[in-house]
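This report refers to the structure that appears directly beneath it.
The values are calculated or read from the model by the stated rules, or taken from the named source; none is laboratory data. Since this is a predicted model, take the numbers as computed values, not measurements. As a convention, Cβ positions derive from the backbone with ideal geometry for all residues, glycine included, and neighbour counts pool all protein chains shown.
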Amino acid sequence: MKTKLLISALALIMFSACQKKTDCQASVTINDENGLPLQGVDVRLFANVKTQENGTVTADLKANGITDETGRVFFNFKLPAIYDIKAISGTYTTTGIIKLEEGKKVNKNLEIKQ
């Protein structure tokens, strides 16, 4: 009985140790031209895909969020991808690109010149 319990415990430990964290996390920070964080900026992540039939279209891979008081917004995805970024603050915008990697947190800093 003890042997079965020990084998079960070892199998559980080995299984959980082998599971790799694969979530892709992104943190986008928006600052003004003086380096100060901008709160309330609409940050959009999206992937443009080129097709023969329709030209360039926005794929279903997209997300958006609003920056907090530190100028940051966080995103979590299940799979790695490359996203275009568009940040909008009133009539001002900035763009960028972020590459998400499996099991990693990627930080991207952008500046909106007002």
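Selection over the range 20-37 of residues that are touching a Ser or Thr at 6+ places or on another chain (Cβ under 6 Å) and over 25 Å from residue 102 (Cα atoms) gives a count of 1. Taking the range 58-72 as the range and being among the charged types (D, E, K, R), at pLDDT 95 or above and part of a strand (DSSP E or B) as the test, only 72 passes.
Can you pull out the residues in the range 70-114 that are among the aliphatic types (A, V, I, L, M) and surrounded by 13 or more Cβ atoms within 10 Å (Cβ to Cβ)?
We begin by selecting, within the range 70-114, every residue among the aliphatic types (A, V, I, L, M); these are 73, 79, 81-82, 85, 87-88, 97-98, 100, 106, 110, 112.
Listed by number, the residues that qualify are 73, 81, 85, 87, 88, 98, 100, 106, 110, 112.
Regarding residue 75, is this residue closer than 21 Å to residue 97 by Cβ, modelled with pLDDT of 90 or more, touching an Asp or Glu at 6+ places or on another chain (Cβ under 9 Å) and not in a loop (DSSP other than H, G, I, E, B)? Steps first, answer last, please.
On the way: closer than 21 Å to residue 97 by Cβ: yes; modelled with pLDDT of 90 or more: yes; touching an Asp or Glu at 6+ places or on another chain (Cβ under 9 Å): no; not in a loop (DSSP other than H, G, I, E, B): yes.
No.
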